[in-house]
Amino acid sequence: MAKILIIDDEQSIRSTLREILEYEKYEIEEAKDGEEGFKKLSSGNYDLILCDVKMPKLNGIEVLEKAQSEGIDTPFVMISAHGSIETAVDAVKKGAYDFIPKPPDLNRLLITIRNAQERSHLVTETKSLKKKISKTFDIVGESDGIQKVKETIEKVAPTDARVLITGENGTGKELVARWIHQLSNRNGSPLVEVNCAAIPSELIESELFGHEKGSFTSAIKQRIGKFEQANEGTLFLDEVGDMSLSAQAKVLRALQENKITRVGGDKDIKVNVRVIAATNKDLKKEIENEKFREDLYHRIGVILIHVPPLRERTDDIPLLVDKFLEEIATEYGNKKKDIDKSAIDELKKMEWTGNIRELRNVAERLVIMSGQKISKTDVQQYA
């Protein structure tokens, strides 16, 4: 049963609202002025606040602002007499969900309350989901190499500087890119990923820049490319070292001029995109072998971040394993398994050519194959 607090200095309005809402199975509490209302709001757990605009001691706007300053995100629906509609509209601009004129219309009142609750539930679910995502994509580790990566991310993320992330396969380059975007001013816009190694060279230009209908045999309709999809956001070019030279030339132009042209088109399209690139290759050697453009390297590599391999940060293995065991337990709906220190020591001795990705797979295998507690023998047998 949803709990609603009615804050209004008119007894008749409070009584009318109580009668209507209790009939609809809501639990109701009342406050006769803004000061009493805020005290109840601070100490109680409400699903919705119905708040008069003009009241003694604290008016409705002041109650709303104090609630927001205290971090209370319970939805407010303002109740306004005819002469205070402008004030009520101002309240909506300041964060109230909606306003209802006096005397309240029954149907509108009930619809507004229901919609406000649904929106509140969505906000709560979104916050919960963001926390889960943030935890899933957290950069775990306290080694010097990882601390340096974290410090660089914090410095560069708020800027629009282009970043080149280097490191072996499985070290977490994508994770670094996600955190740069998440901590940037563009986090309200999309992060669009392109795996340059997974797309055939003849299709990479269409993937990045889009194409017009009929531009080639299979182009049966217009396609919007990744640059346009990432407009105002971030474009992550993973394995950029595998991009064809012709595509590299077009990417260079897009970065220089902030505009692209679809394949088969002749119209320039302006784009505002921050590019983050990643590679497991030595691009300087690729430049020497004429497989990568030096001018593009300097364009995308304003800031360089190197993610160390797991074998250079073995002291982070206990933290990583603990995180993976918790994640896997949540995924499987089981209790998190414990692991012996001797098992951790055994994991530290391994080569980890697949880096973090390999460690995650091993952790899952150990959860499936071991008993109640993961032992050194389990690691020797299943890792």
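The values are calculated or read from the model by the stated rules, or taken from the named source; none is laboratory data. The shown structure was predicted, so the numbers you read here are calculated from the model rather than taken from an experiment. Quick reminder, even Gly has a Cβ in these numbers, built from the backbone with ideal geometry, and neighbours come from all protein chains shown.
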Got a sec? Which helices (runs of 4 or more DSSP H) wholly within the range 291-350 have at least 2 residues that are within 30 Å of Leu235 (Cα to Cα)? 294-300, 317-332
For the subset of the range 1-27 comprising residues that are free of Cβ contacts under 8 Å to residues at least 40 places away in the same chain and in a helix (DSSP H, G or I), which member is farthest from Val53 (Cα to Cα)? Tyr23
Taking the range 84-99 as the search range and keeping residues that are assigned to a helix (DSSP H, G or I) and under 28 Å from the mean Cα position of the chain (by Cα), which one is surrounded by the most Cβ atoms within 10 Å (Cβ to Cβ)? Val92
With the condition kept exactly as written, say whether any residue in the range 283-291 is of a type in the set (A, V, I, L, M, F, W, C), at pLDDT 95 or above and within 24 Å of the chain's Cα centre (by Cα). no
Quickly run through the range 342-359 and pick out the residues that are touching a residue at least 40 places away in the same chain (Cβ under 8 Å) and crowded, with 16+ Cβ neighbours inside 10 Å. Trp352, Gly354, Asn355, Ile356, Glu358, Leu359
Picked from the range 251-290 (must be in a strand (DSSP E or B) and without any contact (Cβ under 8 Å) to a residue 40 or more places away in the chain), the residue farthest from Cys196 (Cα to Cα) is Lys270
Qualifying residue in the range 181-189 (condition: crowded, with 17+ Cβ neighbours inside 10 Å and over 19 Å from the mean Cα position of the chain (by Cα)): no
Where a residue in the range 53-73 is assigned by TED's automatic domain parsing to the domain that holds Ile7 and its partner, wherever it lies, is in a loop (DSSP other than H, G, I, E, B) and of a type in the set (A, V, I, L, M, F, W, C), with Cβ under 6 Å and at least six apart: Gly60/Val53; Leu64/Ala96
Meets criteria (part of a helix (DSSP H, G or I), in contact with a strand residue (DSSP E or B) (Cβ under 8 Å, 6 or more places away or on another chain) and surrounded by fewer than 20 Cβ atoms within 10 Å (Cβ to Cβ)) for Glu193: no
Please count how many residues of the range 231-290 are aliphatic (A, V, I, L, M) and touching a Cys at 6+ places or on another chain (Cβ under 7 Å). 3
When the residues of the range 27-83 are filtered to those that are modelled with pLDDT of 90 or more and among the basic types (Lys, Arg), which remaining residue is surrounded by the fewest Cβ atoms within 10 Å (Cβ to Cβ)? Lys39
If a residue has to be of a type in the set (Gly, Ala, Ser), more than 26 Å from the chain's Cα centre (by Cα) and at pLDDT 85 or above to count, how many in the range 211-233 make the cut? 0
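Conditions tested, residue by residue: (1) surrounded by 11 or more Cβ atoms within 10 Å (Cβ to Cβ); (2) modelled with pLDDT under 80; (3) assigned to a helix (DSSP H, G or I).
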| residue | (1), (2), (3) |
| --- | --- |
| Ala116 | yes, no, yes |
| Leu122 | no, yes, yes |
| Thr126 | no, yes, yes |
| Leu129 | no, yes, yes |
| Ser134 | yes, yes, yes |
